[in-house]
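The values are calculated or read from the model by the stated rules, or taken from the named source; none is laboratory data. Remember, predicted model here, so these are calculated numbers, not experimental data. Note that we place each Cβ from the backbone using ideal geometry, even for glycine, and neighbour counts take in every protein chain shown.
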Amino acid sequence: MFEALPTTPSGWLGWGAAAVVTAVVYFPKAWSERRGESRENERLINALAEERALRKEAESQLEQANQQIYALIREFSDIKAANAQMELKISYLTREIEALRQQLQRSDQS
């Protein structure tokens with residue numbers, strides 16, 4: 001690599017020109033790529049923040065839906081318990097009515 005170093009002023013000028021051309025071509029490209037990466041990173045960070053906000057909102061809605069479901073389940077179980085009590089009372093009253101009817105029939109027969 002170093003055996004091709006220039007030894008004349010024109011050789012040094014050629015090397016300098018090649019270095020300048022390389023710098024003019026390479027550095028702006030490298031800087032734009034870095035800026036592009038930075039923009040891409042910023043876009044990804046913003047997308048991630050938006051996704052996190054949406055997820056938090058979805059989790060909040062899910063929690064509200066779960067609470068509503070639990071409230072409805074409790075209400076349903078309360079209704080079921082009240083229904084069972086009413087059925088028991090109806091059964092008791094039906095037996096009592098039947099007993100009173102039998103007493104009336106016996107008193108009518110006598």
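Residue under question is residue 105, and the condition is that it be exposed (fewer than 10 other Cβ atoms within 10 Å of the Cβ) and over 31 Å from the mean Cα position of the chain (by Cα); does it hold? Talk me through it step by step, then tell me what you get.
Values: exposed (fewer than 10 other Cβ atoms within 10 Å of the Cβ): no; over 31 Å from the mean Cα position of the chain (by Cα): yes.
Here the answer is no, as residue 105 does not meet what is asked.
Every residue, every condition in (1) loosely packed, with under 10 Cβ neighbours inside 10 Å; (2) at pLDDT 95 or above; (3) in contact with a Phe, Trp or Tyr (Cβ under 9 Å, 6 or more places away or on another chain), yes or no:
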residue: 6; (1), (2), (3): no, no, yes
residue: 9; (1), (2), (3): yes, no, no
residue: 31; (1), (2), (3): no, no, no
residue: 38; (1), (2), (3): no, no, no
residue: 53; (1), (2), (3): no, yes, no
residue: 72; (1), (2), (3): no, yes, no
residue: 76; (1), (2), (3): no, yes, no
Seminar exercise, completed: The condition of being among the small types (Gly, Ala, Ser), surrounded by 10 or more Cβ atoms within 10 Å (Cβ to Cβ), assigned to a helix (DSSP H, G or I) and within 17 Å of the chain's Cα centre (by Cα) holds, among 17, 58, only for 58
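Would the stretch 29-37 turn up any residue that is within 27 Å of the chain's Cα centre (by Cα) and of a type in the set (Phe, Trp, Tyr)? Write out each step before concluding.
Of the stretch 29-37, the ones within 27 Å of the chain's Cα centre (by Cα) are none.
The answer is no, given that none of the residues of the stretch 29-37 is within 27 Å of the chain's Cα centre (by Cα) and of a type in the set (Phe, Trp, Tyr).
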